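Worksheet for the structure shown next.
The values are calculated or read from the model by the stated rules, or taken from the named source; none is laboratory data. In this text, all values refer to a predicted model and were calculated from it rather than measured experimentally. Note that we place each Cβ from the backbone using ideal geometry, even for glycine, and neighbour counts take in every protein chain shown. Protein only, heavy atoms only, side chains kept; ligands, DNA and RNA dropped before computing areas. Shrake-Rupley method; radii C 1.70, N 1.55, O 1.52, S 1.80 Å.
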Amino acid sequence: MTTLPPAAASVPDHSPQPGFFSWLRFSLLWLVLGGAAYPLLTTVTAGALFPWQAQGSLLQQDGRVLGSARVGQPFSGERYFVGRPSAAGRGYDPVNASGSNLAVSNPALRGRVQADAQAIAAREGVSASQIPADLVTASGSGLDPHISPAGAELQVARVARARGLDEAQVRALVARFTERGPLGLGQSGVNVLQLNLALDQLALARAQPGQAPDPRPAAPVTDAPDPIRLPPRRAAPETARGRHKVYVGMAAGVGKTTRALHELRERLQGGEDALIGVLETHGRADTIRAAQGLPLFGRLELRRGEVTLGELDVDGLLRRRPETVLVDELAHTNAPGSAREKRWQDVEVLLAAGINVLSTVNVQHLESLNDTVARLTGVRVRERLPDQVLRDANELVLIDLPPDDLRARLRAGKVYGPEKIEQALSNFFTVPNLTALREIALRQVANAVEMEAPAGEPGVQERVVVAVSAAPTAARLIRRGGQLAERLRGELHVVTVRPARLSPEQGRLLDTFRAVTAALGGHFEVLDPQGSVAQTLVRYVQGCHATQVVLGESRRSRWEEWWRGDIIKTVLRDTRKVDVYVITRE
């Protein structure tokens, strides 16, 4: 009988079964396809076909995210459309998105709805039965940014009245931000957030065109700087328009308001009917002392909840009709509910009525200098003043003060209270910041002096064309072009080529660019495509006889440049006798 060797008989079979590797390969394949390839494909496809939505439908201004078009925000005040109630957290809280858990029959819910309906009826001047249900009920998520067209129509009259607009203008904006369901199905909704942002941009673009005086001089401010006076910028007009004299400084505390108060006192001593329209003393002893005994016109009081705000009483001054009014802080933003958005717009109304105005402003508030100031000081100024306001002024007075002297005033408590001194010295009021601001102010004055060419002097009309796309960074290009046009005493043209598809965010950006261009005294135009973007731009440059072109550094990849062309190279190649400026990205 044949037997196996003992060793062979005792060795078990551990060889892998044929199905194990097949199962492993199959699992790895689906892991790669489902866990990596498919998500990557859908992300890239969505980003290519719907770039704005894929990034969260973000609404931006000057590179700052204001919110998402898909998430509502709370609004209040006469000037704004009000959205739906929200049950998400304390209201429109994305972290706590939810609807109300209360049943329709719940007494608390019914009481809240009835109270909201009564409040809306009183606010809009209608009966409670006319109020659409969406204005008093929360959405399922608590984040819905939309209201019904009927809910928007109910608020048109109030918003138009508060903003001084025609109802037709407001209805046009409502129609613009009315969104319909896919393929026209479902209910229409008005995006409240985008609508209110558009109203604010429209307001920025619009500029509508007491006691016995004490003649004794106030105590002098011995360390205040001597002003640098510019010659009158324009001859007195034949019309009854008032004269505008602006005191310009590099920063708070240099003595602009004090100098303006001294001039107001001198005018009173000369027999002129002059008074203070609005004065912001900020508790500074020198300013308070300079204003002692001067006639002060009462402010217009605006009630906002528990707070009462005071603004320049334009209508009261028009009835009083003094010869000269002092208006402090020209770039100030008026309180909600005011007839005009900005204080400089109030000044325009006074000037148009033949009233002379003495005003004050810091140079960093100028629209064209916003990016320059932010780059040099690291501080982005939010309250801005169109350059055209200073260009239209009859006289500028620069109050100059060396940085060390201003810091000494700050340490002495002449600018801010003791609790703010160290913070101010170490943040905004550093020597490098003040030196940069002083240089900007002096340069601005120098440019203004150079622009005062003798009448009748021959010259070539300069035309600056700034080409932009619907991207947030384009506002910086427009301001750089505005600075160039001002130095050259030329025209400013800002153009963009109409894209095949324009998202709501891009449309809002173009509205912003139109407002910035208008603030710089320029002309904004959307060009219909005539060939490629570069060819359309070249035709416009040739047609308007431009002498300067400002372009942004290309964001196209080498593949896109090969496929779609290089705009900068095309403009350089196809234009003649035109200077081309390429502004780098920051």
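List the trypsin sites (Lys or Arg not before Pro) within region 500-535 that fall in a DSSP loop (any state other than H, G, I, E or B) and whose Cβ has at most 16 other Cβ atoms within 10 Å.
Working: sites: Arg501, Arg508, Arg514; in loops: Arg501.
Here the sparse-neighbourhood loop sites are Arg501.
I'd like the distance between the alpha-carbon centres of region 331-401 and region 475-537, rounded to an integer number of Å.
23
Cross-link candidates for Lys577: which lysines have Cα within less than 24 Å, leaving aside residues fewer than 8 places away along the same chain?
Lys569
Give the shape of region 240-378 as rounded, prolate or oblate, defined through the alpha-carbon gyration tensor: a ≥ b ≥ c are the square roots of its eigenvalues, a/c under 1.5 means rounded, and otherwise the shape is prolate if a/b is larger than b/c and oblate if not. Write down the numbers at each step before the final one.
Numbers: a/c = 1.42, a/b = 1.19, b/c = 1.20.
Rounded.
So if we plug the beta-carbon distance of Val379 and His545 into 1/(1 + (r/R0)^6) with R0 = 45 Å, what FRET efficiency do we get, rounded to 0.05? Spell out each step's value before the answer.
Working: r = 39 Å, r/R0 = 0.87.
Efficiency for this residue pair is about 0.70.
What does the C-alpha gyration tensor say about the overall shape of region 338-411? Classify as rounded when a/c is under 1.5, otherwise prolate if a/b is larger than b/c, or oblate.
Verdict is prolate for region 338-411.
Given axes a ≥ b ≥ c from the Cα gyration tensor, I'd like to know whether region 308-433 is rounded (a/c under 1.5), prolate (a/b larger than b/c) or oblate. List each step's numbers first, then the result.
On the way: a/c = 1.95, a/b = 1.76, b/c = 1.11.
Cα axes put region 308-433 in the prolate bin.
Over region 325-437, what is the relative contact order in percent, taking alpha-carbon pairs closer than 8 angstrom and at least six residues apart? List each step's numbers first, then the result.
Values: 106 pairs, mean separation 24.3, N = 113.
So the answer I get is 21 percent.
Just the number, please: carbon plus sulfur as a percent of the accessible area of region 244-292, 1.4 Å probe, no ligands or DNA/RNA counted. Please report the intermediate quantities before stating the final value.
Working: 670 of 1530 Å².
It is 44 percent, rounded to a whole number.
Let me have the relative contact order for region 95-181, percent, based on Cα pairs under 8 Å that are six or more residues apart.
Details: 53 pairs, mean separation 22.1, N = 87.
25 percent.
Along the Cα-to-Cβ line of Gln530, 7 Å from the Cα, sits a label point; which residues in region 470-491 have backbone N less than 20 Å from it?
The answer is none.
Taking only protein heavy atoms into account and a 1.4 Å probe, give the accessible area per residue of region 339-399 in Å².
Values: 1520 Å² over 61 residues.
Here the per-residue accessible area is 25 Å².
With a 1.4 Å probe and all protein chains left in place, how much accessible area per residue does region 493-539 have, in Å²? Don't jump to the answer; show the numbers that get you there.
Working: 2030 Å² over 47 residues.
With all protein chains present, region 493-539 gives 43 Å² per residue.
Which whole-Hz couplings ³J(HN,Hα) result when phi for each residue of region 399-405 is put into the Karplus expression 6.51 cos²θ - 1.76 cosθ + 1.60, θ = phi - 60°, listed in order with x for Gly and Pro?
These are the phi-based 3J(HN,Hα) values: 8, 9, 8, x, x, 5, 5 Hz.
How long are the semi-axes of the equivalent ellipsoid of region 304-378, defined as square roots of 5 times the Cα gyration tensor eigenvalues? Whole Å, largest first.
On the way: eigenvalues 136, 65, 17 Å².
One finds semi-axes of 26, 18, 9 Å for region 304-378.
How much FRET efficiency would the formula 1/(1 + (r/R0)^6) give for Ala128 and Glu395, where r is the Cβ-Cβ distance and R0 is 56 Å, rounded to 0.05? Provide the component values of the computation, followed by the final result.
Details: r = 57 Å, r/R0 = 1.01.
Computed FRET efficiency for Ala128 and Glu395: 0.50.
Amide H to amide H under 5 Å from Ile583: which residues, 5+ apart in sequence or cross-chain, H placed 1.01 Å off N in plane?
The answer is Leu551, Gly552, Glu553.
Measuring with a 1.4 Å probe in the full set of protein chains, what accessible area per residue, in whole Å², belongs to region 94-162? Before the final figure, lay out the partial values.
Working: 3550 Å² over 69 residues.
Value for region 94-162: 51 Å² per residue.
Return the long-range amide H neighbours of Leu366 (sequence gap of 5 or more, or a different chain), with a cut-off of under 5 Å between placed amide H atoms.
Here Leu385 satisfy the definition.
Assuming R0 = 51 Å, can you tell me the calculated FRET efficiency for the pair Glu153 and Asp579, based on Cβ-Cβ distance, to the nearest 0.05? Present the calculation step by step, with values, prior to reporting the outcome.
Details: r = 51 Å, r/R0 = 1.00.
Result of the calculation: an efficiency of 0.50.
Give a residue-ordered list of calculated ³J(HN,Hα) values for region 100-112 (Karplus: 6.51 cos²θ - 1.76 cosθ + 1.60, θ = phi - 60°; whole Hz; x for Gly, Pro).
Those phi angles translate into 7, 8, 7, 6, 4, 7, 5, x, 5, 5, 5, x, 5 Hz.
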